[in-house]
Amino acid sequence: SKAKGKNQYCLFDHSIQLQITQKANIERSIKEALRNQQFELHYQPIFDCAEGRITGVEALLRCQAPALSGVPIQTVIETAEQTGLIVPLDKWVLEAACRFAGKLNAGRDRGIRVTINVSANDIAQQGFVNHVEDCLARNRLKPDWLGLELTESVLINSFEGSRSKLEALKEIGVRMYLDDFGTGYSSLNYLKLLPIDYVKIDKSFVASMLQSEKDGLFMKTLVQLSHTIDLKVVAEGVETARQANMLLRFQCDMLQGYHIGMPRNGEDMLRDLALDLGL
Ligand code: C2E
Ligand code: CA
Ligand code: CA
Ligand code: CA
């Protein structure tokens, strides 16, 4: 009926209003949390199948501020991307991750890489390359202890601009990862055109891989395809031993997920990895 239609319109309108208010609240809370140093990084281990050890960790943002405690980190990041706050936020992430990489690799023969997630806005900043180089130098890191995880949205925005910056960083030894592979557009094209070293196959494919022969074959083919163009493959969201075994059979290079290890705070991860090596 007409009355009902009108009512629904009002409801819709109200929910948009609510979203706008929420977004403004989140924005204010992010600024506050940055000021009060209430962000922290957790680290999730990445297992190298050929080496049979953890060779990397992914830094994942977490927030301790009570005002953001109920907000999923994905939403915090989306809001930060829409408001430009992602730039100072990810600057802090780079700094904290490099500091951690220094501690993690002190006295080790074989390095452990720390990868960070990078947004389109970050790369678009003037001085992005210098900023990364400077952070590596200040923390006395070998560049290959740092990896940048990029999504296709990063690259769609300003393809040429991004490409030259990524190439400059790859040149000095920073490793590049294409994140969430398989979920966006034109993935195959980006693989050819960008200085990528690793693809991270999205967890949705790992989740469905055991459901049918077709899904299994799909994963196997993704791994093979990546190998034919000299890319290494990281499978994300590995939650079970069955998945891990299947991925090993498919010659996937690296595994990440709850089955390998949960994201943990820096202190706990340092301790875990020290035990791992018998240090
Ligand atoms: P992502 O880069 O794809 O990160 C992997 C996500 O999968 C993380 O979610 C991680 O906690 C989760 N995960 C890990 N293992 C498993 C598993 O076995 N099963 C399942 N179901 N999930 C697993 P999280 O921490 O909520 O992060 C969400 C997204 O937020 C990240 O997705 C990344 O896109 C973004 N993000 C996180 N930290 C940062 C950051 O410092 N900067 C930027 N720009 N983005 C970030
Ligand atoms: Ca990632
Ligand atoms: Ca991912
Ligand atoms: Ca993601």
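The values are calculated or read from the model by the stated rules, or taken from the named source; none is laboratory data. Values in this document were obtained by computation on a predicted structure and should not be read as measured data. Positions of Cβ are generated from backbone atoms using ideal geometry, with glycine treated the same way; all protein chains shown enter the neighbour counts. Just the protein is used for accessible areas: all its heavy atoms, side chains included, with ligands, DNA and RNA removed. Shrake-Rupley method; radii C 1.70, N 1.55, O 1.52, S 1.80 Å.
What is the P(r) of the chain, as percent of Cα-Cα pairs per 10 Å bin from 0?
All Cα pairs, binned at 10 Å, distribute as 6, 26, 32, 23, 8, 3, 1, 0 percent.
How big is the antiparallel share of DSSP beta bridges in the chain, given as a percent to the nearest 5?
Antiparallel bridges make up about 40 percent of those DSSP assigns within the chain.
If you count only protein heavy atoms with a 1.4 Å probe, what accessible area per residue comes out for the stretch 1-150, rounded to a whole Å²?
54 Å²
Describe numerically, in nm with one decimal, the distance between label points set 7 Å from Cα along Cα→Cβ at Ala67 and at Gln125.
About 2.1 nm separates the two model spin labels.
Say the dipole of the chain comes from +1 at the beta carbon of Lys and Arg and -1 at that of Asp and Glu; which of Gly147, Thr83, Gly216 then lies farthest toward its positive end?
Thr83
What are the ³J(HN,Hα) couplings of the stretch 42-54, residue after residue, when phi is run through the Karplus curve with 6.51, -1.76, 1.60 and θ = phi - 60°? Round to Hz, x for glycine and proline.
Taking θ as phi minus 60°, the curve returns 10, 10, 10, x, 10, 9, 8, 5, 5, 7, x, 8, 6 Hz for the stretch 42-54.
Consider just the alpha-carbon atoms of the stretch 181-244 and return their Rg together with their Dmax, both in angstrom.
Spelled out, the Cα radius of gyration and Dmax of the stretch 181-244 are 11.8, 35 Å.
What is the magnitude of the charge dipole of the chain about its Cα centre, with +1 placed on the Cβ of each Lys and Arg, -1 on the Cβ of each Asp and Glu, and no other charges, expressed in debye to the nearest 20?
With only Lys, Arg, Asp and Glu charged at Cβ, the dipole is about 420 debye.
Give, as ranges by residue number, the residues of the stretch 183-216 whose backbone N falls under 18 Å from the point 7 Å along Cα→Cβ of Thr240.
Within reach of a label on Thr240: 203-216.
Which whole-number percent gives the relative contact order of the chain, counting Cα pairs below 8 Å spaced six or more residues apart?
Relative contact order here is 18 percent.
Put +1 on the Cβ of each Lys and Arg and -1 on the Cβ of each Asp and Glu in the stretch 237-279; which of Tyr258, Leu270, Ala241 then has its Cα farthest toward the positive end of the dipole?
Ala241
Per-residue HN-Hα couplings for the stretch 79-96, Karplus 6.51 cos²θ - 1.76 cosθ + 1.60 at θ = phi - 60°, whole Hz, x for Gly and Pro?
Each residue of the stretch 79-96 in turn: 5, 4, 5, 6, 10, x, 5, 4, 5, x, 5, 6, 5, 4, 4, 4, 4, 5 Hz.
Which value in nm describes the separation of the simple spin-label points at Tyr258 and Ile172, placed 7 Å from the Cα toward the beta carbon?
Result: 3.9 nm between the two label points.
When only C-alpha pairs under 8 Å and at least 6 residues apart count, what is the relative contact order of the stretch 17-166, in percent?
Dividing the mean separation by the residue count of the stretch 17-166 yields 21 percent.
Past the 21 angstrom mark, what percentage of all C-alpha to C-alpha distances in the stretch 38-126 do you count?
39 percent
Stick to the Cα atoms of the stretch 56-182, pair each with every other, and give me the Kirkwood hydrodynamic radius in Å at one decimal.
One decimal place: 15.2 Å for the Kirkwood radius.
Within the accessible area of the stretch 173-219, what % is carbon and sulfur when the probe is 1.4 Å and the other protein chains stay in place?
Carbon with sulfur: 52 percent of the solvent-accessible area.
So between Glu32 and Glu160, what do we pick up on full extension, going 0.36 nm a residue minus the alpha carbon distance?
42.6 nm
Considering only DSSP beta bridges where both residues belong to the stretch 55-170, give the percentage that are antiparallel (nearest 5).
Close to 0 percent.
How many percent of the accessible area of the stretch 43-94 is carbon or sulfur, using a 1.4 Å probe?
Here it works out to 54 percent.
Which whole-number percent of Cα pairs in the stretch 129-214 have a distance greater than 15 Å?
In whole percent, the share of Cα-Cα pairs in the stretch 129-214 beyond 15 Å is 61.
Per residue, how many Å² of accessible area does the stretch 215-279 show with a 1.4 Å probe?
55 Å²
Compute the distance in nm between two label points, each set 7 Å from the Cα along the Cα-to-Cβ direction, one at Glu133 and one at Glu213.
5.5 nm
Across the stretch 162-174, in residue order, what do the Karplus-derived ³J(HN,Hα) couplings come to in whole Hz, using 6.51 cos²θ - 1.76 cosθ + 1.60 with θ = phi - 60° and x for Gly and Pro?
5, 4, 5, 5, 5, 5, 4, 6, 5, 4, 7, x, 6
Heavy-atom accessible area of Ile26 with all protein chains present, probe 1.4 Å, nearest 10 Å²?
20 Å²
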